[in-house]
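To start, the structure itself, in structure tokens.
Each value in this text was obtained by applying a stated rule to the coordinates, not by laboratory testing. Just so we're clear, the structure is a prediction, and the values are computed from it rather than from any experiment. Please note: Cβ atoms are built from the backbone with ideal geometry, for glycine as well, and neighbour counts cover all protein chains shown.
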Amino acid sequence: MKIWFISDTHNRHEQLQVPEVDLVIHCGDESESGNAWMNESEARNFFDWYSALEIPTKIFVPGNHSTAIEQGLIRAENYPKVTFLIHAQTQWSGFRIFGTPYTPRFFDWAYMRERSELDIVWQSIPDDIDILITHGPPKGILDVTRDMDTGGPVNVGSKSLRRHVLERIKPKIHAFGHIHDEKAYKNCGIVTRDGTQFINCSCCDLAGKLKNHGFVYQSQLRTSQV
């Protein structure tokens, strides 16, 4: 049993090296444009490709660039081969999987909330989850970017998400994207904290170039880069 984790493909999906797996999980930002009407055509191109993949099960969680989905221009029922998780749970091969698209607000993009509002969002995630999928990272874990004021490094993940994941939910895997690799900072990767494997599977770097092809997880808790 193999699971392929990818995120932040930003219209570069057709360049991906597709491995032989049983399940693919996309953690959001399939498209690029902030304008929902322009975003719709980008998203449809992605979901046509995603639906056609020769992978038995496909899960998708939106991200902040998924504006056409948030505004209802793209609907889950249009793509029956894809399981959309928009703050929702599913089960697959004995794994309990929960996906949520919300991230801290910094621009007027999709599924963004003020940091003060996010704790109540995370509270509604069950604590018996095996695989947690969020679009954005927890604070301090694969979430470094350049501070726009000081120019130095800053951790921009959600502090309250980190607390819920490490103290209550305790999943086997927590996969996300949103924060890209950029000059001097590498975020795409895997770290283990308190028994949870954290995977930032952003495929594009901050400049929008495809740099990574995601990670494949095997049933014996071995994860490798594609």
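Some values worked out for this structure:
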item: Antiparallel %, DSSP beta bridges [both residues in the stretch 1-152], to 5; result: 25 percent
item: Normalised contact order of the stretch 170-226, rounded percent, pairs of Cα under 8 Å and 6 or more residues apart; result: 28 percent
item: Relative contact order %, the chain, counting alpha carbon pairs below 8 Å whose residues are six or more apart; result: 20 percent
item: Potential lengthening between Q91 and D22 on full extension [0.36 nm per residue; Cα-Cα distance subtracted]; result: 23.5 nm
item: Which of D205, D108, D119, D181 has the fewest Cβ neighbours within 10 Å, and the rest in rising order; result: D108, D119, D205, D181
item: Base-10 log of normalised Debye intensity for the chain (one unit scatterer per alpha-carbon) at q = 0.07, 0.10, 0.12, 0.18 Å⁻¹; result: -0.19, -0.39, -0.57, -1.44
item: Net charge over other residues, Cβ less than 13 angstrom from the Cβ of E40 (K, R count +1; D, E count -1); result: -3
item: Rg and Dmax [Cα atoms of the stretch 144-198; Å; Rg one decimal, Dmax integer]; result: 12.7, 36
item: Exposure proxy order (Cβ contacts within 10 Å, fewest to most) of E117, E42, E30; result: E117, E42, E30
item: FRET E, pair M38, E77, Förster distance 25 Å, beta-carbon r, rounded to 0.05; result: 0.65
item: Only Lys, Arg (+1) and Asp, Glu (-1) charged, at Cβ; the stretch 2-225 dipole about Cα centre in debye; result: 600 debye
